[in-house]
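Q: Please read through the structure below; I'll follow up with questions.
Any read-out appearing in this document is the output of simple, stated calculations on the displayed coordinates, not a laboratory observation. In this text the structure is predicted, and so the values were computed from the model without any measurement. Here the Cβ is made from the backbone with ideal geometry for all residues, glycine too, and neighbour counts use every protein chain on show.
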Amino acid sequence: MRPLKSHFPVHALTILDTILKQTKEARVFRRAQAVRAVVAGHHISTVSATFHLANSALRKWVQRFAQEGPQGLLDRARSGRPPKITCELEQHLNRLVDEDPLEHGSLSSQWSCRALAIVFARETGVHLGRESVRGV
């Protein structure tokens, strides 16, 4: 097995502990847990089996952490279609949820995802499906 050629700063465990306490992203938390185990001295194959990761994936995260620090554990930008809903539009949708549907011409006193999508499209011009509304 190829040896891991990464050099960590003396305070790497402290940095990883801070990430584990502060992060709210599940993927970053899981990466930090696995990398912390490797930095603490556990073997790559043992840690990858424990966390159900491929050895190559764990090596990648360990090496990124060694080179870039905490930023190395974050998701990279991905190609593909940009999201249809921006932060501002999401806030608008959340405000709609808090309002009374009857004020917007609904026949029901509770919002449905379909009714929210219709009102949202009428007010913003952005057409979302009910599943997209549910996701937000």
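Q: If R0 is 25 Å, what FRET efficiency do you get for Val97 and Glu25 from their C-beta distance, rounded to 0.05?
A: So the FRET efficiency works out to roughly 0.55.
Q: Between Cys87 and Asp75, what is the label-to-label distance in nm when each label sits 7 Å out along the Cα-to-Cβ direction?
A: 1.5
Q: Which ³J(HN,Hα) values, rounded to whole Hz and listed in residue order, are derived for region 19-35 from phi using the Karplus coefficients 6.51, -1.76 and 1.60 in 6.51 cos²θ - 1.76 cosθ + 1.60 with θ = phi - 60°, glycine and proline given as x?
A: 3J(HN,Hα) across region 19-35, in whole Hz: 4, 4, 7, 9, 6, 10, 8, 4, 5, 5, 4, 5, 4, 4, 4, 5, 5.
Q: Let me spell out the model: positive unit charges on the Cβ of Lys and Arg, negative unit charges on the Cβ of Asp and Glu, origin at the Cα centre of region 87-135. What dipole size does that give, in debye rounded to 20? Don't skip to the answer; put the middle values down first.
A: Working: 5 positive and 8 negative charges, 51 e Å.
With only Lys, Arg, Asp and Glu charged at Cβ, the dipole is about 240 debye.
Q: Using a Cα-Cα cut-off of under 14 Å, which aspartates and glutamates could be cross-linked to Lys24, ignoring same-chain neighbours fewer than 8 residues away?
A: List returned: Asp75.
Q: Only one of the listed values, [x] 3.09; [y] 1.26; [z] 1.56, was derived from the coordinates as Cα Rg over 2.2 N^0.38 Å; which label is it?
A: Of the labelled values, this structure produces [z].
Q: Output ³J(HN,Hα) for region 70-83: one whole-Hz value per residue in order, computed from phi by the Karplus curve 6.51 cos²θ - 1.76 cosθ + 1.60 with θ = phi - 60°, and x for Gly and Pro.
A: Ordered by residue, 3J(HN,Hα) equals x, 4, x, 8, 7, 5, 7, 5, 10, 6, x, 5, x, x Hz.
Q: Measure nothing but the geometry: give the 0 to 90° angle between the long axis through the Cα atoms of 113-124 and the longest principal axis through the Cα atoms of the chain, rounded to 10°.
A: Approximately 80 degrees, to the nearest ten.
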